[in-house]
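Only one structure is covered here, and it is reproduced in the block below.
The values are calculated or read from the model by the stated rules, or taken from the named source; none is laboratory data. Just so you know, these numbers come straight off a predicted model, no measurement behind them. Reconstructed Cβ throughout: ideal geometry from the backbone, glycine too, with neighbour counts over all protein chains shown. We work out accessible area using only protein heavy atoms, side chains counted, and drop any ligands, DNA or RNA first. Shrake-Rupley method; radii C 1.70, N 1.55, O 1.52, S 1.80 Å.
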Amino acid sequence: MGQILARIIPCIGDKQFGDEESKKITETKETKETKVTPPSPVTSETVYVAVMGSTGSGKTTFINVASGSELRVGMGLESCTNEVQTSIPFTVGGRQVLLLDTPGFDDTTMTDTDVLRIISAYLVAMNKQGARLVGVIYMQRISDFKVGGSARRDLRMFQELCGEEAYENVIVVTNMWGTVPHEDGVAREHELATKDIFYKPILERKGIMLRHDNTRESAHRILEQLVRKEPAVLRIQRELAEGIDITQTAAFRQLDRELSELALQHQKNLEQLKADMARAEQEMDEETQNELAEEKQKLEDELRKAQTQASKLASDYQAELRKIEEKLHVREV
């Protein structure tokens, strides 16, 4: 446990945090741009960092603060990212950096199958292009004192996409510290770092957890931990580059398990609705019958949509890959 906690570092200085250092962390606010140390000379090679996390976790805000971009930010839990977006280039530690804004697996406008297809195709196209992906940032709201099913599902998918071999190129970034009492945030941080169902597996394999205070300086200190690393090849990139069908990848197998659980739950709900409809019919409650019929149709449509998209994933992935390659002018390297 001591080794794990030693890897939780507030992104304000180079020392491990204690009570005194923790108090110095500026609480999260909408702030003006913070003065940053003048950058070192820029090298010619651009490095890429993917930013992932649940819908509403602050991915786009982090990217905008770090890079000066103006990518659209969703309000609340509404998603504004239905494709992989890139920041404008900027400099950190003498390296030109591009950040990738990705949709979450709990996206409000797409299914998890859509998200897997889009992210996988983009990462593979990057790999073919020879782009240097030096790491992945996973955003985590410290204000989430209960991590629901969708957030847990998003984390499991993230772990399967990356693979354990890439964990040392992962930074878990906690944000929104200004929305909770400091002591509560610290307690939550400890729980996230030391439980197997959260980030302990990542931290045990040389991943780190840092705090973000919503300033440009803080964001750049986080990115400095990645820009000098050797490029990472994520599990999904390696699997697809080896010619493995996307439906045979570790990420899809995890998604398939999630879809199977969802289908089982939908089936139980449908059986209950049928029983309720029969009861309403006996009682000649026409209004309730209509409401239940609408709910039943909605559940059946959702179940059918999930099953159809899973079966079409392989062909849809190839189409998505071709589209992204054309956009990026990818050539085989």
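What percent does the relative contact order of the stretch 244-333 come to when contacts are Cα pairs within less than 8 Å and at least six residues apart?
On the way: 31 pairs, mean separation 30.4, N = 90.
Relative contact order comes out at 34 percent.
Here the relative contact order of the stretch 99-179, from alpha carbon pairs under 8 Å that lie six or more residues apart, stands at 39 percent.
Legend: calculated FRET efficiency, residue 262 to residue 96, from the Cβ-Cβ distance at R0 = 30 Å, rounded to 0.05, equals 0.10.
Over the stretch 76-230, with every protein chain in place, what whole percent of the accessible area is carbon and sulfur at 1.4 Å, could you tell me? C and S atoms contribute 43 percent here. Among the listed pairs 200/298; 59/200; 59/298; 229/312; 146/312, a Cα-Cα separation exceeding 27 Å is found for 200/298; 59/298; 229/312; 146/312.
Of the accessible area of the stretch 252-333, computed with a 1.4 Å probe over protein heavy atoms only, carbon and sulfur atoms account for 47 percent.
Once the other residues with Cβ under 11 Å from the Cβ of residue 46 are scored (Lys, Arg +1; Asp, Glu -1), what is the net sum?
Working: positive: 95, 132; negative: 45.
Surrounding charge for residue 46 is +1.
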